[in-house]
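Chemist: One structure, as structure tokens, below. Some questions next.
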Amino acid sequence: MTEFPEVVRQRRMVRRYRDEPVDPRVVERIAATALRGPSAGFSQGIRLVVVTDAERRRRIAALCDEEQYVRAGFGRWLSVAPVHVVLGVRENDYRERYAEADKASTGGVERWSAPYWWVDSGAALMLLLLAAVDEGLGAGVLDIQDPDALRAFLGIPGDVTPVCLVTIGHAAADAGPVGSARRGRRPREQILHYQRWRTTPPR
Ligand SMILES: Cc1cc2nc3c(=O)[nH]c(=O)nc-3n(C[C@H](O)[C@H](O)[C@H](O)COP(=O)(O)O)c2cc1C
């Protein structure tokens, strides 16, 4: 186990994996950690579908257009990754929870400053990524371009939105920053404010 700030610092999007399985007990621990996140009204709308079967991972990779990454020079990072996790969220868990007596009086989901099912999805995603790093593994995130096709393939119910696909595995030695990560971080004074917002010249 690594110290928390170190886990956060080590986390990078990994788009190159060794073709090596991950111990199922490790996969179980990572999934359990991802599901320990907070949720609005404790609605617990997050759903995970974990896929380790090689043929099924190849199908998911094809559905997520792995060829596009191959053409861009990333290699077959989706099908090679030994663990796929589809992170989904059921919006109706929130609508149902906020229709209950103790929450209906708050004005329900329409009063929120942001749709909290997306907020909770982000919290679960972060836990998933950090749990993988904490186990000495790498993880990557990608957009699901055809959610209906993925839904049909995995049998995900129509009221669950597949938010993103997370690949997990042993990072290859040459899995350094790629793609957008090369852009570098925004200057701290542009994104962090104390006491009040201070405008800085745009970059
Ligand atoms: C919600 C979300 C969606 C992303 N979608 C993709 C994607 O579809 N394909 C991809 O290669 N990277 C994707 N990324 C990875 C980002 O490009 C990456 O996090 C960013 O470049 C910063 O790099 P770092 O995570 O290594 O610090 C996604 C990241 C997030 C958080």
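Chemist: Does Val178 fit the bill of being under 18 Å from Pro82 (Cα atoms), touching a residue at least 12 places away in the same chain (Cβ under 8 Å), open to solvent by less than 60 Å² (accessible area, probe 1.4 Å) and within 16 Å of the ligand (Cβ to nearest atom)?
Modeler: Values: under 18 Å from Pro82 (Cα atoms): no; touching a residue at least 12 places away in the same chain (Cβ under 8 Å): yes; open to solvent by less than 60 Å² (accessible area, probe 1.4 Å): yes; within 16 Å of the ligand (Cβ to nearest atom): yes.
In short, no.
Chemist: Inside the stretch 54-98, can you point out the residues that are within 30 Å of Glu110 (Cα to Cα) and more than 15 Å from the ligand (Cβ to nearest atom)?
Modeler: If the condition is that a residue be within 30 Å of Glu110 (Cα to Cα) and more than 15 Å from the ligand (Cβ to nearest atom), then Arg90, Glu91, Asn92, Asp93, Tyr94, Arg95, Glu96, Arg97, Tyr98 are the ones that fit.
Chemist: For the stretch 1-29, what are the residues that are open to solvent by 90 Å² or more (accessible area, probe 1.4 Å), away from the ligand (no atom under 16 Å from the Cβ) and in contact (Cβ under 8 Å) with a residue 12 or more places away in the chain?
Modeler: Within the stretch 1-29, Met1, Arg18, Asp19, Pro21, Pro24, Arg29 meet the criteria.
Chemist: Checking Ala181 against (1) assigned to a loop (DSSP other than H, G, I, E, B); (2) in contact with a Lys or Arg (Cβ under 8 Å, 6 or more places away or on another chain); (3) hydrophobic (A, V, I, L, M, F, W, C), which test does it fail?
Modeler: All conditions pass for Ala181, except number (1).
Chemist: Output the qualifying pairs, or none if there are none: Cβ atoms under 6 angstrom, residues six or more apart or on different chains, first residue in the stretch 93-111 and closer than 20 Å to Pro38 by Cβ and among the hydrophobic types (A, V, I, L, M, F, W, C), second residue open to solvent by 70 Å² or more (accessible area, probe 1.4 Å) and in a helix (DSSP H, G or I).
Modeler: Close Cβ pairs satisfying both conditions: Val109/Arg95.
The values are calculated or read from the model by the stated rules, or taken from the named source; none is laboratory data. Keep in mind that what you see is a predicted model, and the values were worked out from it rather than measured. Because the Cβ atoms are built from the backbone with ideal geometry, glycine has one as well, and the counts that use them run over all protein chains shown. Quick note on the areas: whole protein, heavy atoms, side chains included, nothing else; ligands and nucleic acids left out. Shrake-Rupley method; radii C 1.70, N 1.55, O 1.52, S 1.80 Å.
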